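The values are calculated or read from the model by the stated rules, or taken from the named source; none is laboratory data. None of the values given here were measured: they were computed from a predicted structure. We place every Cβ from the backbone using ideal geometry, glycine too, and count neighbours over all the protein chains shown. With ligands, DNA and RNA removed, areas are computed over all heavy atoms of the protein, side chains included. Shrake-Rupley method; radii C 1.70, N 1.55, O 1.52, S 1.80 Å.
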Amino acid sequence: MKDQLIKLLDCAYAPYSKFKVSAIVEMKDGKYIPGVNVENASYGATICAERNAITTAVSMGYKAGDFRNIYIMVSGDNLSMPCFMCRQVITEFFDKDSGVILVGKNGEMEKYTVSEICPYPFDKNDL
Ligand SMILES: [Zn+2]
């Protein structure tokens with residue numbers, strides 16, 4: 001997974017922050033779907049790699065519950081957690097025990113569950 005994420009970083013569009021992010025969603029059917037961050041001169045129009053990968057999967061027909069794990073790599077030296085907008089979207093589609101796996105360019109990994117990074121999610125039960 002490390003090598004795929006490193007290669008995918010090259011596709012990120014981050015001319016403003018220079019902070020590139022790649023994400024790969026692992027589906028329960030064995031498919032892997034990529035996403036990168038795509039910035040915009042209107043900064044608020046930027047989309048994160050995690051949401052890009054998840055929304056691409058949804059565009060391909062996947063539904064909530066079809067998602068197994070998400071792998072994330074950043075261009076900086078440290079591992080980075082998903083932002084809270086992405087955590088919100090992750091809770092919409094992943095199971096509570098799905099993995100959120102941070103991968104470093106040297107192969108280091110930290111694995112969390114969705115429940116660990118989103119202990120009190122806002123979801124359909126709050127509506
Ligand atoms: Zn994000």
- Report ³J(HN,Hα) in whole Hz for each residue of the stretch 122-127, in order, from the Karplus equation J = 6.51 cos²θ - 1.76 cosθ + 1.60 where θ = phi - 60°; Gly and Pro get x. 8, 9, 4, 6, 8, 7
- Item | Degrees separating the helix 84-93 axis from the principal Cα axis of the chain, which is the longest one | 50 degrees
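Using just the Cα positions, wrap the stretch 2-126 in a convex hull and report its mean projected area in square nanometres, one decimal place.
Numbers: hull surface 30.8 nm².
Computing the convex hull of the Cα atoms and averaging its projections yields 7.7 nm².
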- When only C-alpha pairs under 8 Å and at least 6 residues apart count, what is the relative contact order of the chain, in percent? 22 percent
- So Q4 and K18, fully extended at 0.36 nm per residue minus their Cα-Cα distance, gain in nm 3.1 nm
- For the chain, percent of DSSP beta bridges that are antiparallel (nearest 5) comes out at 75 percent
- Query: Using a 1.4 Å probe, what is the accessible area per residue for the chain, in Å²?
  - Reply: 57 Å²
- Go through 66-72, 36-42 and give me the packing order, highest mean Cβ count within 10 Å leading. 66-72, 36-42
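Can you tell me how the stretch 21-84 classifies by the Cα gyration tensor, rounded, prolate or oblate, using a/c under 1.5 as the rounded cut? List each step's numbers first, then the result.
On the way: a/c = 2.48, a/b = 1.44, b/c = 1.72.
In terms of gyration-tensor shape, oblate.
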- Which percent of the accessible heavy-atom area of the chain goes to carbon and sulfur, probe 1.4 angstrom? 54 percent
